[in-house]
Each structure stands twice: as C-alpha cells, then as structure tokens.
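K.L.:
Structure below; questions to follow.
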Amino acid sequence: MRHDIAGLPERRHIPLATARTEIRAASDASTGRFNGYAAVFDSRTAIGNPLLMGFYEEIAPGAFANTLRTADVRFLLDHNPFYVVSRVSAGTLDLSEDEHGLAVDSYLDEELSYVRDLKANLRNANVDGMSFGFRVLDDDWTTEQIETHDGHGADVEVRRIHEVELFEVSAVTWPAYAATSADLRAA
C-alpha cells in the first residue's frame with residue numbers, strides 16, 4: 001500500500017538534538033559550520049496517526065548511499081528554496097552516511113541574513129530539528145500489533161525505507177522525528 005502521492009517529494013523531519021547538531025565558530029566570526037543528522041537510521045516516527053490513517057516510518061541504513069554519489073543536494077531552511085544555506089556542487093555542503101544516519105556538514109556564510117538568524121535560532125533552541133526532501137525508490141510495509149493506551153491491541157502499518165532519491169536537507173521548526181535537541185559550540 002502506497003501512502004504518498006506519486007511523483008511528489010516527501011519531507012521528513014528529525015530534531016537537531018537527535019541529529020547531534022552543532023555550530024562551531026571558526027577564528028573569523030563571520031564563518032562557522034553546521035553539523036548534524038538529517039535522518040537517523042532505525043529511528044521510528046509516526047506519520048499521521050497510525051491508529052487511524054497514518055503509519056510508522058523508519059529509515060534503513062544505506063538508504064542514502066546511491067543518491068549521495070550523484071545528487072546535487074541543497075541545505076535549506078524549512079524546505080524553502082528561497083533560503084539556500086549551502087549546496088553540494090558549490091563545495092559548501094558535505095553529506096555522508098555513517099552508522100548513525102545521514103550526516104550533514106555545512107559551511108555557514110553570515111553574509112546571508114537568514115544564516116545569522118539560523119545560528120541565533122539554534123543557539124536559542126528555537127529551531128531544534130532537521131528534515132529531508134526525497135522520493136522513495138525502495139521500501140517495504142509490514143503490519144505490527146501494538147498495545148494502545150487503554151490496554152487493547154491494534155494493528156498498525158510500518159514503512160521501512162531502503163532507498164531514496166534525496167533533493168534537500170533542511171533545518172526545520174517542526175520536525176517529524178522529535179527525539180533529540182540542538183547544540184551550539186564555540187570552536
């Protein structure tokens with residue numbers, strides 16, 4: 001069963017805390033780096049209400065391996081293409097998979113007013129999550145039995161994503177994956 005609209009990119013959010021996000025100031029106060037995770041492997045989240053019309057979702061290790069070899073991904077704010085922070089082909093964004101998830105390492109150019117705003121919002125914990133825009137290339141669905149708050153059982157669908165085509169990663173206001181927090185550190 002497919003739960004997305006064919007052909008449209010899906011967006012998923014993950015808190016910057018789970019993403020182990022940091023900003024480190026360099027010796028020049030106008031520079032800095034954003035480090036985090038746009039996705040964490042094997043971390044489950046609810047998409048909608050799994051007891052009604054939603055499902056649970058998790059990302060499998062290796063889901064980004066193929067797309068990272070060819071994709072010219074952008075780092076955005078709240079999925080808004082007006083706010084481009086960095087880009088792979090410009091050499092200002094590095095993405096990689098490690099045992100934890102999709103690692104993001106981005107140069108931050110404070111000549112961009114919204115980058116100064118991003119750093120302040122991270123420092124003040126106003127922005128505490130990340131997301132990624134993607135199209136699913138390979139997934140599988142299972143049904144699991146869970147116990148509800150009233151002690152009854154219910155069947156829920158679980159989607160495990162094995163491969164995606166990645167378009168962008170974003171620092172976001174309302175992450176779907178809400179298990180972590182953000183951190184700002186000086187160099």
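K.L.:
Taking only segment 121-141 into account, find how many residues are surrounded by fewer than 16 Cβ atoms within 10 Å (Cβ to Cβ), under 18 Å from Phe64 (Cβ atoms) and in contact with a Ser or Thr (Cβ under 9 Å, 6 or more places away or on another chain).
P.N.:
Number satisfying all stated conditions: 1.
Residue-wise test of (1) of a type in the set (S, T, N, Q); (2) modelled with pLDDT of 85 or more; (3) farther than 30 Å from Asn66 by Cβ.
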position: His152; (1), (2), (3): no, yes, yes
position: Arg159; (1), (2), (3): no, yes, no
position: His162; (1), (2), (3): no, yes, no
position: Ser181; (1), (2), (3): yes, no, yes
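K.L.:
Quick check: anything in segment 155-167 more than 24 Å from Ala63 (Cα to Cα) and in a strand (DSSP E or B)? Even if it seems obvious, please write down each step before you answer.
P.N.:
Initial filter on segment 155-167 (more than 24 Å from Ala63 (Cα to Cα)): 155.
Still in the running and in a strand (DSSP E or B): 155.
Among the residues of segment 155-167, at least one is more than 24 Å from Ala63 (Cα to Cα) and in a strand (DSSP E or B), which makes the answer yes.
K.L.:
Can you tell me which residue within segment 64-92, out of those that are among the aliphatic types (A, V, I, L, M) and within 13 Å of the chain's Cα centre (by Cα), is farthest from Ala176 (Cα to Cα)?
P.N.:
Val73
K.L.:
Considering segment 130-167 alone, what residues qualify as being of a type outside the set (Gly, Ala, Ser), in contact with a His (Cβ under 7 Å, 6 or more places away or on another chain) and under 23 Å from Gly36 (Cβ atoms)?
P.N.:
The one that is of a type outside the set (Gly, Ala, Ser), in contact with a His (Cβ under 7 Å, 6 or more places away or on another chain) and under 23 Å from Gly36 (Cβ atoms): Met130.
The values are calculated or read from the model by the stated rules, or taken from the named source; none is laboratory data. Every value quoted in this text rests on a predicted model; they were computed, and no experiment measured them. Because the Cβ atoms are built from the backbone with ideal geometry, glycine has one as well, and the counts that use them run over all protein chains shown.
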